[in-house]
Amino acid sequence: MNKKIGTKILGTGSYFPEKILTNADLEKMIETSDEWIRTRTGIKERRVSEKDEPTSELAYRASIEALKSANISLEQIDLILVATITPDMLFPSTACFLHERLGLANPVPAFDLSAACSGFIYGISMAKAFIESGLYKTILLVGAEELTKFTDWTDRNTCVLFGDGAGAMILSASSEDNDILSVFLGADGSYSGLLDLAACGTACYKKANINGRKIKMQGREVFKVAVPKMALAAEKALNFSGKELKDIKLFIPHQANMRIIEAVAKKLGISMDRVFVNIHKTGNISSATTITALDEAVKTGKLQKGDLAELIAFGGGFTWGAAVIKM
């Protein structure tokens, strides 16, 4: 009898642009203060990409780090998935630009998926399904965003929130291990007007007039939905995995706002010392938050081989999701 195929995490990687925009910098741009930003969001600084640095470049650099971590050759990749809401262009996909940037000779399929801040968890679900069906063996999954290029720098309520960055994960078929224990996804399009972006891509940032095409958000209304949906997703994914809260070494929520993170932890009944937080230095980078946080948790030793972690996210759409994984 053939053994059931599992999905193994081979490695992770991340990349952030060099430029740092601090709260002190924002004080010079708009009517705000470091204290106001920190107390309401938990953010102290965020990374900002250059005008000629498209999303695919961030994705490329994170992918290279993930390939090194996985210790595999580029030729072993047989599918590229990129979760992003800030693509280089409407088409071709950012995944295709990444395919070219990697110099991948094999004509493997490559495409983007859009689920806003839940995008990477949606991508995990998709990769798991592809691998366990036997359709693909080794997948490069990336979450990459350049939200600062679509930030309204005159809106003090939103411009303090967003940053740029990318993270990547290599997943592969295994007959012995299964590192993706469960995934739960959800969405409700009736909330679409509370958080949206109508714009072109990051590669045409210098060429196109995108005035008026900025991120719009009704923060209080988003908060009211985000907290219960993130807690629900976490509970559902745990139930699907057969695990309990006590089994999870580290919870890694979407880094949207410190108040949301703390409210979700309280609703789940877990202490903040079991919750990974790096929003103070990254800001909200949408689909890239959970994977870059996971990569940092691994690199800093907060997650060891065999530890269980739960990724939890919520984003525009609205979409939400959670995944229980083993490192």
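The values are calculated or read from the model by the stated rules, or taken from the named source; none is laboratory data. Because the structure is a prediction, the values reported are computed rather than measured. Cβ sites come from the backbone with ideal geometry, for glycine too, and all protein chains shown count toward neighbours. For the accessible areas, the whole protein counts, side chains as well, though only heavy atoms, and no ligand, DNA or RNA atoms are used. Shrake-Rupley method; radii C 1.70, N 1.55, O 1.52, S 1.80 Å.
May I ask you to verify whether SER56 is out of contact with any strand residue (DSSP E or B) (no Cβ under 6 Å at 6 or more places or on another chain), open to solvent by less than 30 Å² (accessible area, probe 1.4 Å) and in contact (Cβ under 8 Å) with a residue 24 or more places away in the chain? Quick ask: steps written out before the conclusion?
Working: out of contact with any strand residue (DSSP E or B) (no Cβ under 6 Å at 6 or more places or on another chain): yes; open to solvent by less than 30 Å² (accessible area, probe 1.4 Å): yes; in contact (Cβ under 8 Å) with a residue 24 or more places away in the chain: yes.
Yes, satisfied.
Taking strands (runs of 3 or more DSSP E) that do not extend beyond segment 74-187, which have at least 1 residues that are closer than 19 Å to MET327 by Cα and under 20 Å from the mean Cα position of the chain (by Cα)?
Details: elements: 79-83, 110-113, 138-146, 164-174, 180-187.
In segment 74-187, the matching strands (runs of 3 or more DSSP E) lie at 138-146, 164-174, 180-187.
Among the listed residues GLU132, GLU145, GLU31, GLU75, which satisfies the condition of being of a type in the set (D, E, K, R), closer than 24 Å to GLY189 by Cβ and in contact (Cβ under 8 Å) with a residue 24 or more places away in the chain? First the steps, then the outcome.
On the way: GLU132 fails: closer than 24 Å to GLY189 by Cβ; GLU31 fails: closer than 24 Å to GLY189 by Cβ; GLU75 fails: closer than 24 Å to GLY189 by Cβ.
Every option except GLU145 fails the conditions.
Report, by residue number, each residue of segment 9-36 that is open to solvent by 50 Å² or more (accessible area, probe 1.4 Å), at pLDDT 95 or above and either part of a strand (DSSP E or B) or more than 19 Å from HIS280 (Cα to Cα) (or both).
Answer for segment 9-36, where residues must be open to solvent by 50 Å² or more (accessible area, probe 1.4 Å), at pLDDT 95 or above and either part of a strand (DSSP E or B) or more than 19 Å from HIS280 (Cα to Cα) (or both): LEU10, LYS19, ILE20.
Please determine whether any residue of segment 292-306 is in contact with a helix residue (DSSP H, G or I) (Cβ under 6 Å, 6 or more places away or on another chain) and outside any helix (DSSP H, G or I). Break it down into steps so the answer makes sense when it comes.
Start the filter on segment 292-306 by keeping residues that are in contact with a helix residue (DSSP H, G or I) (Cβ under 6 Å, 6 or more places away or on another chain), which leaves 303.
So of that shortlist, the ones also outside any helix (DSSP H, G or I) come out as 303.
Yes: one or more hits.
Is one or more of the residues making up segment 47-66 within 30 Å of ALA173 (Cβ to Cβ), in a loop (DSSP other than H, G, I, E, B), out of contact with any Ser or Thr (no Cβ under 9 Å at 6 or more places or on another chain) and at pLDDT 95 or above?
no
Looking only at residues in segment 233-280 that are open to solvent by 10 Å² or more (accessible area, probe 1.4 Å) and under 12 Å from ALA313 (Cβ atoms), which one is modelled with the highest pLDDT?
Checking each candidate, the answer is ILE260.
Residue check: is LYS44 open to solvent by 10 Å² or more (accessible area, probe 1.4 Å) and either modelled with pLDDT of 95 or more or hydrophobic (A, V, I, L, M, F, W, C) (or both)? Lay out the reasoning, then the answer.
On the way: open to solvent by 10 Å² or more (accessible area, probe 1.4 Å): yes; either modelled with pLDDT of 95 or more or hydrophobic (A, V, I, L, M, F, W, C) (or both): yes.
It is true that LYS44 is open to solvent by 10 Å² or more (accessible area, probe 1.4 Å) and either modelled with pLDDT of 95 or more or hydrophobic (A, V, I, L, M, F, W, C) (or both).
Kindly provide the set of residues from segment 47-80 that are closer than 14 Å to GLU18 by Cα and among the acidic types (Asp, Glu), ordered by number.
Within segment 47-80, GLU50, ASP52, GLU53, GLU57 qualify.
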